[in-house]
1. If you take the residues in segment 48-70 that are modelled with pLDDT of 85 or more and in a strand (DSSP E or B), which one is surrounded by the most Cβ atoms within 10 Å (Cβ to Cβ)?
2. Report, ordered by the first and then the second residue, all pairs with beta carbons closer than 7 Å, sequence separation of six or more or different chains, a first member in segment 45-68 that is farther than 16 Å from T92 by Cβ, and a second member that is modelled with pLDDT under 75 and not in a strand (DSSP E or B).
3. Taking into account only those residues within segment 10-37 that are surrounded by 10 or more Cβ atoms within 10 Å (Cβ to Cβ) and outside any helix (DSSP H, G or I), which is nearest to the chain's Cα centre (by Cα)?
4. Among the listed residues K45, K7, K40, which satisfies the condition of being surrounded by 12 or more Cβ atoms within 10 Å (Cβ to Cβ) and in a strand (DSSP E or B)?
5. Given the structure, is C74 closer than 30 Å to K24 by Cβ, modelled with pLDDT of 75 or more and open to solvent by less than 50 Å² (accessible area, probe 1.4 Å)?
Amino acid sequence: MAADRTKPLAEQLADAEAELARVKRAIAAAPCAQVGHRWKFVGGKHAGCVGEDHREFSCTCSLPVYECEVCGDCDYGENEEAREIIAKCAETRGCANGKG
């Protein structure tokens with residue numbers, strides 16, 4: 001929506017705010033498939049790492065778990081942040097995620 005530059009600035013601002021409010025309502029009402037999930041942190045889960053002693057779950061790595069506030073879908077710790085934690089753990093502690 002192009003601004004009507006012939007209108008006073010106060011009217012242009014009111015129009016822009018009205019459009020923003022309309023878009024926010026549309027996003028709030030849209031399904032996750034259309035606008036993406038609205039993830040909320042709900043806790044953590046063990047990373048499934050094997051520590052330096054090669055005992056399963058001997059590492060203390062924890063992965064963040066998120067749930068969508070709209071549809072209730074859960075990522076079960078499968079997210080970019082978790083992948084970074086696993087990589088860092090493997091690099092600094094020698095853990096092997098999911099390996100025995």
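The values are calculated or read from the model by the stated rules, or taken from the named source; none is laboratory data. Only a predicted model underlies this, so the values are computations on that prediction, with no experimental measurement involved. Using ideal geometry, Cβ is built from the backbone for each residue, glycine included, and neighbour counts are taken over all protein chains shown. What goes into the accessible areas is simple: the full protein's heavy atoms, side chains included, and nothing from ligands, DNA or RNA. Shrake-Rupley method; radii C 1.70, N 1.55, O 1.52, S 1.80 Å.
1. As a first pass, look at segment 48-70 and keep what is modelled with pLDDT of 85 or more: 62-70.
Subsequent filtering for residues that are in a strand (DSSP E or B) retains 62-68.
Working: S62: 16, L63: 24, P64: 16, V65: 18, Y66: 21, E67: 18, C68: 15.
It comes out as L63.
2. Filtered contacts from segment 45-68: H46/F57; G48/G98; E56/G100.
3. Checked segment 10-37; the qualifying residue nearest to the chain's Cα centre (by Cα) is H37.
4. Details: K7 fails: in a strand (DSSP E or B); K40 fails: surrounded by 12 or more Cβ atoms within 10 Å (Cβ to Cβ).
Just one listed residue meets the conditions, K45.
5. Values: closer than 30 Å to K24 by Cβ: yes; modelled with pLDDT of 75 or more: yes; open to solvent by less than 50 Å² (accessible area, probe 1.4 Å): yes.
Against the criterion (closer than 30 Å to K24 by Cβ, modelled with pLDDT of 75 or more and open to solvent by less than 50 Å² (accessible area, probe 1.4 Å)), C74 qualifies.
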